[in-house]
Amino acid sequence: MKEKLAIIDGSSLLYRAFYAMPLLTDSQGRYTNAVYGFLNMLLKLYEELNPQYVAVAFDKDKHTFRNDIYDDYKATRKPAPDELSPQFSLIREVLSCLGISVLELQGYEGDDIIGTVAKNMEKQHVEVAVVTGDRDALQLVDQDITVHLTKKGITTMLAVTPEVMKTEYGFTALQVIDMKALMGDSADNIPGVPGVGEKTALKLITAYGTLEGVYDHLEEISGKKLKEKLFDGRDKAFLSKELATIRCNVPIEYTLDMFLPQPRMEEVTALFRSLGFKNLLNRFSAFDRFAAVNTSLNKPELQLLTVQELPPEKMANQIVAVEALYTNNLPVPHVTTLAVAVAEGVLMVPHDKEEAYLKMLPNALLVVTSDGKMLTKVTAAYAITEKGSLFDYSSANVKVEQFPLADLTLAAYLLDPTRTTYGLSYLSERFGVPFDEDMTDDAHKAASAAQFALQVWPQVQESLKNIGLVSLYDTIEIPLIHTLAIMEMNGFTVDVQKLGTMEQELSLAADRLEEAIYDDVGEVFNINSTKQLGVVLFEKMGLPVVKKTKTGYSTDSEVLEELKDRHVVIPKILQFRALKKLISTYLEGLEPLILPSTGRIYTSFNQMVTATGRLSSSDPNLQNIPIRTEQGRHIRSLFIPGKGYTYIMSADYSQIELRLLAHLSQDPTMIDGFLKKQDIHRRTASEVFGIPLEQVTAEQRSHAKAVNFGIIYGISDFGLARNINILRSQAKEYIQAYFNRYDHVRGYMDSLIENARETGMAKTMFGRIRMLPEINSKNFNRRSFAERTAMNTPIQGSAADIIKMAMNAVQKELEQRKLKSCLLVQVHDELVLEVPEEEREEVAKILKDNMEHVVALSVPLTVDINYGINWEEAK
């Protein structure tokens, strides 16, 4: 078997890794996302190709021999982003520790070094894998040289062999150069022949073989214009060929033995840990050549116990870790595998013993798990009914016994709310605690997870303490698990008969609109096809083109909104789309989600999704039902009180974010308006326009409302002008007048940005954090986004915290009073309950008292209470 060398285009892969990964920083604030992505790619390379030898080639400098040939070569290239530039030296440091050779030479590009080494190794009968994101390298493809071309981020690669060149591209490796000579390359600023694109170049090269062949047969080429372009562009074509050709004779010294990785174990371990790459140590150790890299994080051995060694009663008064695998049977999941860990070891619980162990959880000193809500729901199932099947119940108002809980995933979310996943592998990497995720059966997986949970919890707890998150975690987020578990098990009753009727009505309305659209444009076409709609609107009807995409005309909602006054058909298309979305998402989409035995829909409330701390809802998303249109609002009428209940009750905070802005900024004018119970938007209009309250017009109030809410989100004059359709200069005057009258708000916003620059984060009133690594970026757009986030987070995040506190307080009092009424849904600043007639007044008072007094502010929190026979009527 041939020896194998993998030679990596370092610059190409680091760029791709940078844009494929979200921005990451280590504990010192160094950007690490490109390096992290690069190392993941390197691991994937080992896993898939397992080369004996590895080398990485970089560009040494911007100026190469090609610039001597053509001054404008790569002249249009933008400099590397500020967040990427320092990662080039960092990846060199990492590669040095890993013992991987780095090749670079003044005056030449990395491609030339790769070509030189690859062709020379081919002569020595070494199999070569070139790994790059640059299609220029395809010219190197040969019998023993395969180019592995990154296709999607850094995770998917196309292995290009001579055979693949023919089937995938339609030309040979050497013809890559001739193609580029004709069509040029905008990325490298290679001119090519002006007016000749990829299709024409392919046609010519296919017909005549090479660039020289094209010009040898110039008189035979059909098409006067093309012939003229080729004649006039001859010099540029041959110049381009020289620029596009990879030099395979670079004067660089090397031997194959140089490319055998020789990692320096202690240095690798220290560096990876300082970068926060602890999990990568485990993965590198899977290969023999890196076996000693991570001795401290080798896979742990499971310390298994028997039922006799860990009977259920032994779980009392000590910290235990519980991990389970579930089938998500609505409304309550079912445990398929259960494991319990204590200090002495871990037990894989037999199926006939699960109930006994779960019933002991309230007696433990602390229960550590990675999914507290699922565990809460499944333990609640054992107390739901004493008759019949374990999961056979049809009423809401579920009673759940609380137990002392620590949720690892929730803690990880609070420590970094911008991530998308918080699995145990991430926790292992972050905290340096070994975790074996390669168990082959479910029982051992659960046992491994339980053992890991017990071991990592002290470090997680310490991190919460160090960043000041313990109070938020203990008093808001952990109690919320109990509240959300109950709400998810309660479900929301749907009027199935009305659902069918409404679906028929809206479908008929959509059909009528469809016919009206065809009549307006004079032809039948697929309204849902962006391409066909674009042709009709912009070619046949001649409407102005607002925006184009790579595939043609854009017909998104923003474009259509801009055109809606240009032709009568545009509003109909917008309405048609809205109806179709309502039908597919909220009518056809709801029906399969209704549980026949209860008539209820069971949504999931996601506690660890949004960076702001707000809850989200999924399967179905009950927070996103459109309420700006009559048909959208009418969807809410499908949600009704269940059997034994009379009303749907809604409790909605009034202008909570503006009240928080008044409190946090301590602006006397804004506080005065709220204390006097004035219409805050009318008051703002009065202040901004310098007129008495009673003279404020509806339009002025509307503009003031846009300013009020825009300020919270750091709106620009451009954004405000677009939102309320005024001149940008006028919007700038509005914002300036606002800050003149509410000067404490301006000072507060400025202080938030300054504090974020110093600390690298934003905080809510209750300690919730959001890391802002780009707050000091030299890139204007990234820095501006971070600044807007710094201004918005304390307000929006504090509002999210308050509604969570209110939910917990309301749920606690409902339980204490043993009321039948129950929480069903939380939508932004609104709580929705189902209530029997006899409890209506009592529950309204509970809502008002708890929601308005859950926190003391400089201005009053006010709550609007409404009720009705369905959710729509309750609003």
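Looking only at the stretch 410-440, count every residue that is closer than 22 Å to Arg283 by Cβ and either in a loop (DSSP other than H, G, I, E, B) or touching a Gly at 6+ places or on another chain (Cβ under 8 Å) (or both) and tell me the total.
Matching residues across the stretch 410-440 total 17.
I'm checking my understanding of the structure. Among residues of the stretch 159-213 that are closer than 26 Å to Asp144 by Cβ and charged (D, E, K, R), which one is surrounded by the fewest Cβ atoms within 10 Å (Cβ to Cβ)?
Glu163
Report yes if some residue within the stretch 670-677 is over 23 Å from Ile865 (Cβ atoms), in contact (Cβ under 8 Å) with a residue 24 or more places away in the chain and surrounded by 21 or more Cβ atoms within 10 Å (Cβ to Cβ); otherwise report no.
There is at least one residue in the stretch 670-677 that is over 23 Å from Ile865 (Cβ atoms), in contact (Cβ under 8 Å) with a residue 24 or more places away in the chain and surrounded by 21 or more Cβ atoms within 10 Å (Cβ to Cβ).
Looking only at the stretch 198-240, count every residue that is under 47 Å from the mean Cα position of the chain (by Cα), within 17 Å of Ala173 (Cα to Cα) and of a type in the set (Ser, Thr, Tyr) and tell me the total.
3
Going through Leu49, Leu98, Leu24 one at a time, which residue ends up being closer than 30 Å to Thr269 by Cβ and under 27 Å from the mean Cα position of the chain (by Cα)?
Answer to the check: Leu24.
Taking into account only those residues within the stretch 535-559 that are touching a Lys or Arg at 6+ places or on another chain (Cβ under 8 Å) and among the aliphatic types (A, V, I, L, M), which is farthest from Ile724 (Cα to Cα)?
The extreme case among them is Leu543.
Of the numbered conditions (1) buried (at least 16 other Cβ atoms within 10 Å of the Cβ); (2) in contact with a Phe, Trp or Tyr (Cβ under 9 Å, 6 or more places away or on another chain); (3) basic (Lys, Arg), Arg741 fails exactly one; give the number of that condition.
That leaves (2) as the condition not met.
Please find, within the stretch 592-626, the residue that is surrounded by the most Cβ atoms within 10 Å (Cβ to Cβ) out of those that are under 19 Å from Ala799 (Cβ atoms) and of a type in the set (Val, Ile, Thr).
Applying the filter and picking the extreme gives Thr612.
Among what's in the stretch 690-708 and is surrounded by 16 or more Cβ atoms within 10 Å (Cβ to Cβ) and part of a helix (DSSP H, G or I), pick the residue that is farthest from the chain's Cα centre (by Cα).
Gln700
In this structure, does Thr161 turn out to be β-branched (Val, Ile, Thr) and under 35 Å from the mean Cα position of the chain (by Cα)?
no
Checking Asp519 against (1) surrounded by 13 or more Cβ atoms within 10 Å (Cβ to Cβ); (2) modelled with pLDDT of 90 or more; (3) over 19 Å from Ala578 (Cα atoms), only one condition comes out false. Which one?
For Asp519, the exception is condition (1).
Given the criteria among the hydrophobic types (A, V, I, L, M, F, W, C), in the same structural domain as Asp235 (by TED's automatic domain parsing) and either farther than 21 Å from Asp185 by Cα or free of Cβ contacts under 8 Å to residues at least 40 places away in the same chain (or both), does Phe18 qualify?
Criteria met by Phe18.
Output the residue which, of all residues in the stretch 317-360 that are in a helix (DSSP H, G or I) and among the acidic types (Asp, Glu), is nearest to Leu304 (Cα to Cα).
Result: Glu354.
Out of all the residues in the stretch 450-467, which are over 25 Å from the mean Cα position of the chain (by Cα) and not charged (D, E, K, R)?
Ala450, Gln451, Phe452, Ala453, Leu454, Gln455, Val456, Trp457, Pro458, Gln459, Gln461, Asn466
Can you name the number of the only condition in (1) in a helix (DSSP H, G or I); (2) under 31 Å from the mean Cα position of the chain (by Cα) that Gln497 fails?
Evaluating Gln497 over (1) in a helix (DSSP H, G or I); (2) under 31 Å from the mean Cα position of the chain (by Cα) leaves (2) as the failure.
Kindly indicate which of Lys199, Lys166 is closer than 30 Å to Tyr46 by Cβ, free of Cβ contacts under 8 Å to residues at least 24 places away in the same chain, among the charged types (D, E, K, R) and out of contact with any strand residue (DSSP E or B) (no Cβ under 8 Å at 6 or more places or on another chain). If you could, list the steps in order and put the result at the bottom.
Numbers: Lys199 fails: closer than 30 Å to Tyr46 by Cβ.
Step by step, each of Lys199, Lys166 is checked, and only Lys166 is closer than 30 Å to Tyr46 by Cβ, free of Cβ contacts under 8 Å to residues at least 24 places away in the same chain, among the charged types (D, E, K, R) and out of contact with any strand residue (DSSP E or B) (no Cβ under 8 Å at 6 or more places or on another chain).
Does the stretch 827-875 hold any residues that are small (Gly, Ala, Ser) and not in a strand (DSSP E or B), and which are they?
Ala844, Ala856, Ser858, Ala874 - these are the residues of the stretch 827-875 that are small (Gly, Ala, Ser) and not in a strand (DSSP E or B).
Checking Tyr31 against (1) farther than 21 Å from Arg430 by Cβ; (2) within 33 Å of the chain's Cα centre (by Cα), only one condition comes out false. Which one?
(1)
Of everything in the stretch 19-45, what is hydroxyl-bearing (Ser, Thr, Tyr), surrounded by fewer than 18 Cβ atoms within 10 Å (Cβ to Cβ) and assigned to a loop (DSSP other than H, G, I, E, B)? Give them in sequence order.
Passing the criteria: only Ser27.
For the condition at pLDDT below 90, in contact with a strand residue (DSSP E or B) (Cβ under 8 Å, 6 or more places away or on another chain) and not aromatic (Phe, Trp, Tyr), what is the one hit in Ser702, Ser618, Ser654, Ser650? Steps first, please.
Numbers: Ser702 fails: in contact with a strand residue (DSSP E or B) (Cβ under 8 Å, 6 or more places away or on another chain); Ser654 fails: at pLDDT below 90; Ser650 fails: at pLDDT below 90.
It is Ser618.
Are any residues in the stretch 46-105 part of a loop (DSSP other than H, G, I, E, B), closer than 21 Å to Gly184 by Cα and polar (S, T, N, Q), and if so, which ones?
Across the stretch 46-105, the qualifying residue is only Thr76.
With the checklist (1) in a loop (DSSP other than H, G, I, E, B); (2) among the hydroxyl-bearing types (Ser, Thr, Tyr); (3) in contact with a strand residue (DSSP E or B) (Cβ under 8 Å, 6 or more places away or on another chain) in hand, flag the one item Ser597 doesn't pass.
(3)
Inspect all residues belonging to the stretch 220-230 and state whether any of them is assigned to a helix (DSSP H, G or I), over 30 Å from Tyr46 (Cβ atoms) and touching a His at 6+ places or on another chain (Cβ under 9 Å).
No, there is no match, as no residue in the stretch 220-230 is assigned to a helix (DSSP H, G or I), over 30 Å from Tyr46 (Cβ atoms) and touching a His at 6+ places or on another chain (Cβ under 9 Å).
Conditions: (1) among the charged types (D, E, K, R); (2) modelled with pLDDT under 85; (3) not in a helix (DSSP H, G or I). Arg247 meets all but one. Number of the miss?
(2)
Residues in the stretch 374-384: is at least one part of a helix (DSSP H, G or I), modelled with pLDDT of 90 or more and more than 18 Å from Met315 (Cβ to Cβ)?
Keep residues of the stretch 374-384 that are part of a helix (DSSP H, G or I), which gives 374-384.
Next, only the ones that are modelled with pLDDT of 90 or more stay: 374-377.
Imposing the further condition that a residue be more than 18 Å from Met315 (Cβ to Cβ) reduces the set to 374, 377.
Yes.
Quick check: is even one residue across the stretch 540-558 in a helix (DSSP H, G or I), surrounded by 15 or more Cβ atoms within 10 Å (Cβ to Cβ) and free of Cβ contacts under 8 Å to residues at least 24 places away in the same chain?
Looking for residues that are in a helix (DSSP H, G or I), surrounded by 15 or more Cβ atoms within 10 Å (Cβ to Cβ) and free of Cβ contacts under 8 Å to residues at least 24 places away in the same chain, one finds none in the stretch 540-558, hence no.
Cβ contacts < 8 Å: first residue at pLDDT below 90, restricted to the stretch 744-773; second residue crowded, with 20+ Cβ neighbours inside 10 Å and assigned to a helix (DSSP H, G or I), any location; separation 6+ or different chain. Result?
Leu772/Ala756; Leu772/Ala786; Leu772/Thr789; Leu772/Ala790; Pro773/Ala786
Hey, among Glu754, Glu815, which residue is outside the structural domain of Glu83 (by TED's automatic domain parsing), under 25 Å from Gly29 (Cβ atoms) and more than 23 Å from the chain's Cα centre (by Cα)?
The match here is Glu754.
Check off (1) aliphatic (A, V, I, L, M); (2) surrounded by fewer than 21 Cβ atoms within 10 Å (Cβ to Cβ); (3) over 17 Å from Gln736 (Cα atoms) for Leu660 and give me the number that stays unchecked.
(2)
The values are calculated or read from the model by the stated rules, or taken from the named source; none is laboratory data. Just so we're clear, the structure is a prediction, and the values are computed from it rather than from any experiment. As a convention, Cβ positions derive from the backbone with ideal geometry for all residues, glycine included, and neighbour counts pool all protein chains shown.
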